[in-house]
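Below is one structure, written out as structure tokens; the observations come after it.
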Amino acid sequence: MPERDWRITELTERPGFLIRRLHQIHAALFAEECAAEGITPVQYSLLTVLDQMGAVEQIALSRAVGLDRTNIADVVARLETRGLISRAVSPRDKRMKLVTLTKAGRARLERVQDGAARAHARTVEALPPGERRRFLQALRRLVAANNDTTRSPVDGFDER
């Protein structure tokens, strides 16, 4: 028996609606804070992962940020066209693409850091500091518990 009859529950009380709405709000804040750099939250995630991991095969990049093969290929192609990353055939497996952050990509990442930090802070600023920490812990727990149910799970995601 379901805990709640979601059919008669107001939209603003449903977790899925609230999560989607918060994502929309964060994306808008990110766009506002990072408008000068013309970068999306997903592109920022890819550049960040490449900065942290170094050169990585495209499939590993996909698993690091939770994008399926089609979407990662599209985002990588756009970033490559802009000169922010480069791709080459992997020396380990000729069928794989090795993705690397370029000098221009690293510079763009540096320029967007403060704006991205402000967007993250603004997303949760309505919560007192202790609640922010608990909220983020709860989000991690929910994502970790359901990570494998998606078409593109994130490798090594745990609750911490």
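The values are calculated or read from the model by the stated rules, or taken from the named source; none is laboratory data. Nothing here was measured: the structure is a model prediction, and the numbers come from that model. Every residue, glycine among them, receives a Cβ derived from its backbone with ideal geometry; neighbour counts consider all protein chains shown. All accessible areas refer to the heavy atoms of the entire protein, side chains included, with ligands and DNA or RNA removed. Shrake-Rupley method; radii C 1.70, N 1.55, O 1.52, S 1.80 Å.
Structure summary
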{"quantity": "Interatomic Cα distance distribution for the stretch 1-119, bins of 10 angstrom, percent", "calculated": "13, 36, 26, 15, 8, 1"}
{"quantity": "The stretch 103-145, accessible area per residue, ligands and nucleic acids excluded (1.4 Å, Å²)", "calculated": "69"}
{"quantity": "Lys, Arg +1 and Asp, Glu -1 on Cβ, resulting dipole of the chain about Cα centre, debye, nearest 20", "calculated": "380"}
{"quantity": "Accessible area of the chain belonging to carbon and sulfur atoms, whole % at 1.4 Å probe", "calculated": "55"}
{"quantity": "Computed [θ] at 222 nm, helices only, for the chain once each DSSP H run of length n ≥ 4 contributes -39500 (n - 2.57)", "calculated": "-19500 deg cm²/dmol"}
{"quantity": "Sites matching trypsin sites (Lys or Arg not before Pro) across the stretch 54-95 that sit in DSSP coil, with at most 10 neighbouring C-beta atoms within 10 Å", "calculated": "ARG92, LYS94, ARG95"}
{"quantity": "Selected from ASN146, ALA119, ALA104, residue furthest toward positive end of dipole (the stretch 5-160; charges at beta carbon)", "calculated": "ALA104"}
{"quantity": "For the stretch 87-138, the Rg and Dmax computed from alpha carbons only, in angstrom", "calculated": "18.3, 51"}
{"quantity": "Leading residue at positive end of dipole, the chain (Cβ point charges), from VAL42, ALA28, ILE85", "calculated": "ILE85"}
